[in-house]
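Bear in mind that the values in this text are calculations on the coordinates, not laboratory data. Remember, predicted model here, so these are calculated numbers, not experimental data. We place every Cβ from the backbone using ideal geometry, glycine too, and count neighbours over all the protein chains shown.
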Amino acid sequence: MIDAGEFSEAARPYCVISADCHVNEPANLWAERIDARYRDRIPRIEIDEQGQKWSVAEGLRRVRVKDAPKGFSEGQAFSLESKDLDLATRGTPDVTVRARHHADDGVDAEVIYPNKGLLMWTSPDHALSAALCRVWNDWVGEVFGPANPRHLPVAAIAPGDVQAAVAEVSRVAELGFRTVFFPVQIAGMPYNHPIFDPLWAVLQETGLPISFHVGTGRDPREATGNGGAVINYVAALSSAITPITQLCASGVCERFPGLRFVTVECGIGWLAWTLHAMDESYVKHGFWVSPKLPMKPSDYFRRQGWCTFSDDPMGIETRHWIGSDRLMFGNDYPHHEGSWPHTREVVQRTMASVNDEERRMILGGNAAKLYGFKLDALV
């Protein structure tokens, strides 16, 4: 029995799998690889006459890009004198460097999402989104290999064109990818709509779990001016409520019991309330509820859903209302809102009340089971 606050390599009898990490793609990835007809429409950085940088993506208002102050390290406590190389290579595709960064953080394996590629679904043109996703899928498969035992890349799917999305799911499954991800929402196309049934069917058939990474599918920056950074951050986290309720309350999970889904980088402090609110409305608004389901909406989440978190002590305290088998840790490497490179300290601070068995599940066991990591090989 390890001490409740202890998190050392010698003491912990479990693996730590980060179910939410990112990679910095080459700046010219889409410009070089995308179909020529889309090349002038890809997300990009533009510099105006005053030298100001702007992030430009079709479907979004342009956003001013601030250069980080000299020596800024996204929350790291590294000294610039001794860790220049680490600072320069954070988020690198180089698996040797990534493995060292994770080992320093006490993490054994990772699930890898894009960085620049989180803008792949902003355009109302579904064909453009699909082209952007194919570029990511081809590149990340080449760099990490879909079957990599420690570095698991996620294939991106543009669901707006359902037929094309079904074909891409089949393609990446044949390439060996073990999971795919969707935008949190598509404008005018909620996931409870039956139009998506062929997509749920192929995901169930291939066995690929899907994830919804926050900040995708629409502009997450709704507020400007005073408090905008805080307002937008909180709004982005709460956006994960939408796909959960759409899948659980609409009958999607009932029709497709083999469909498995994950919300990513959204925390879990809101999750227990969401499960309760779904069930409460299902009963108290029963006259209007359709379809009538054989289980409560929350039961479908506990059967088919998971949620990732990083530094969320409030969420940890609500795990008994959620189920520890539904939670997965993610250090969000290399982003500063995650726990990297302070995962040991975060685990010690936030999980003191969590027993060994729950820790094994939350910190690695659940991700290993869902994504097919082999724990013996990781140890």
query: Restricting attention to segment 292-379, which GluC sites (Glu not before Pro) occupy a DSSP loop and are surrounded by at most 11 other Cβ atoms within 10 Å?
result: none
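Within the set of other residues whose C-beta is less than 14 Å from the C-beta of G258, count the net charge using Lys and Arg as +1 and Asp and Glu as -1.
Numbers: positive: R255, R260, R303; negative: D197, E205, E254.
With Lys, Arg at +1 and Asp, Glu at -1, the neighbours total 0.
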statement: The ³J(HN,Hα) series, computed from each phi in segment 29-39 with the Karplus coefficients 6.51, -1.76 and 1.60 at θ = phi - 60°, rounded to the nearest Hz and given as x for glycine or proline, is 4, 6, 4, 8, 9, 6, 3, 4, 5, 9, 4
- prompt: Using Cα-only point scatterers and the Debye equation, what is log10 of I(q)/I(0) for the chain at each q in 0.10, 0.11, 0.12 Å⁻¹, rounded to two decimals?
  reply: -0.64, -0.78, -0.94
Relative contact order computed over the chain (Cα-Cα under 8 Å; 6+ residues apart), in percent: 22 percent
- line: Along segment 158-164, Karplus-curve 3J(HN,Hα) (6.51, -1.76, 1.60; θ = phi - 60°) to the nearest Hz, with x for Gly and Pro, reads 9, x, x, 9, 4, 4, 5
statement: Residues whose modelled amide H sits under 5 Å from the amide H of Y113, counting only those 5 or more places away in sequence or on another chain, are C21, H22, V23
- request: Report, by chain and number, residues whose modeled amide H sits under 5 Å from the one on F177, excluding near sequence neighbours (fewer than 5 apart, same chain).
  value: none
